[in-house]
1. State which residue is nearest to TRP24 (Cα to Cα) when the search covers only region 99-134 and only residues that are touching a residue at least 40 places away in the same chain (Cβ under 8 Å) and assigned to a loop (DSSP other than H, G, I, E, B).
2. Restricting to region 176-219, count the residues that are modelled with pLDDT under 95 and among the polar types (S, T, N, Q).
3. Within region 26-59, which residues are out of contact with any Pro (no Cβ under 9 Å at 6 or more places or on another chain) and either of a type in the set (S, T, N, Q) or not assigned by TED's automatic domain parsing to the domain that holds TYR180 (or both)?
4. From the list ALA62, ALA79, ALA23, exactly one residue is touching a strand residue (DSSP E or B) at 6+ places or on another chain (Cβ under 8 Å), assigned by TED's automatic domain parsing to the domain that holds PRO135, surrounded by fewer than 21 Cβ atoms within 10 Å (Cβ to Cβ) and small (Gly, Ala, Ser). Which is it?
5. Going residue by residue through region 195-202, is there one that turns out to be outside any loop (DSSP other than H, G, I, E, B), under 29 Å from GLU183 (Cβ atoms), under 16 Å from the mean Cα position of the chain (by Cα) and not hydrophobic (A, V, I, L, M, F, W, C)?
6. Only one residue in VAL138, VAL100 is over 30 Å from PRO291 (Cα atoms) and of a type in the set (A, V, I, L, M). Which one?
7. Considering each residue of region 267-306, count those that are within 22 Å of THR239 (Cβ to Cβ), of a type in the set (Gly, Ala, Ser) and in contact (Cβ under 8 Å) with a residue 24 or more places away in the chain, and give that number.
8. Being within 17 Å of the chain's Cα centre (by Cα), in a strand (DSSP E or B) and at pLDDT 95 or above, is that true of even one residue in region 72-92?
Amino acid sequence: MTIQVFGHKSPDTDSTGSPIVWAWYLNEVKGVAAAPKLLGEPNTEAAFMLQRWGLEKPEIIADVADNAAVVIVDTNNPAELPANINGADVQAIIDHHKLVGGLETKGPIDITIRPLACTATIMHDLMGDGAAKMPEAVKGAALTCILSDTLEFRSPTTTAHDKAVAEKLAGELGINISEYAAEMFAAKSDVSSFSDAELIRMDSKEYEVDGTKFRVSVLETTAPGVVLDRKASLMDSMTSVAAEDGVDQVLLFVVDILNEQATLLVPNDLVKTVAAKSFGADAAGDTVVLPGIMSRKKQIIPNLKV
């Protein structure tokens, strides 16, 4: 039986690249049949990574069958996984997020959750000597994942170890990190072909605060003006997306990578209250700038209040 390796829904670069990295390791080093999968279309930066390194886009799957062998990476949250995940045979979890709970397994499994910025960093460590055997394309995927999740070391989630692994991989590949990251972020910032609903869902996670259900969406970009020019239509679309997804409110943060700040769209009084209680920000208009806010995992989600 081939092990399916996948990350979360709305796959970003880490949830696209890390399944490729770990499936390679299982196949080529451990001698175990494995295949990377996706739970949706990859974002533009992840698509750039696939094209840049000549990697085949993993198959997109809607669900998993009963007793299907799977490895979960870059999440441990059932809400971000296939509906039948507890019917599958989960064999391992490799993640860098807080433990959520709710997953059930057929038996004891390997779980590695470490306080690092990127799943690919953890995988590099777990491989040990096997990491040296990675072909260039797989090393390129791992490097892209780390630079994406750390926003080229700007994110507060970045650790010295993430940076060291990224610099090691870049050295082996002959890659200039600043130049390569600029290419990545340019690809991430090209959102012209996406509808408002697609933008809202592109990098989003559901989170509940005191009974209020949010879809917390983050758009990381080097050209925030391009997104903010669409704020009126984006705010209109928030209502329909919330209704379709069964949440009370969409929170959309436009993260300016270069200026290291986020702009929160404020369509109503609920979001105005969230801005005030969560970030001490007075939203006088339909947007509010939050200096230094870069990370959903470390700065946004933990601070949300209603």
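The values are calculated or read from the model by the stated rules, or taken from the named source; none is laboratory data. All figures in this text were calculated on a predicted structure; none of them were measured in a lab. Please note: Cβ atoms are built from the backbone with ideal geometry, for glycine as well, and neighbour counts cover all protein chains shown.
1. Checked region 99-134; the qualifying residue nearest to TRP24 (Cα to Cα) is MET134.
2. Adding up the residues that qualify gives 3.
3. Within region 26-59, ASN27, THR44, GLN51 meet the criteria.
4. Selected residue: ALA79, the only one of ALA62, ALA79, ALA23 that is touching a strand residue (DSSP E or B) at 6+ places or on another chain (Cβ under 8 Å), assigned by TED's automatic domain parsing to the domain that holds PRO135, surrounded by fewer than 21 Cβ atoms within 10 Å (Cβ to Cβ) and small (Gly, Ala, Ser).
5. Yes, the conditions are met somewhere in region 195-202.
6. Going through VAL138, VAL100 in turn, just one is over 30 Å from PRO291 (Cα atoms) and of a type in the set (A, V, I, L, M): VAL138.
7. 1
8. Checked region 72-92: at least one residue is within 17 Å of the chain's Cα centre (by Cα), in a strand (DSSP E or B) and at pLDDT 95 or above.
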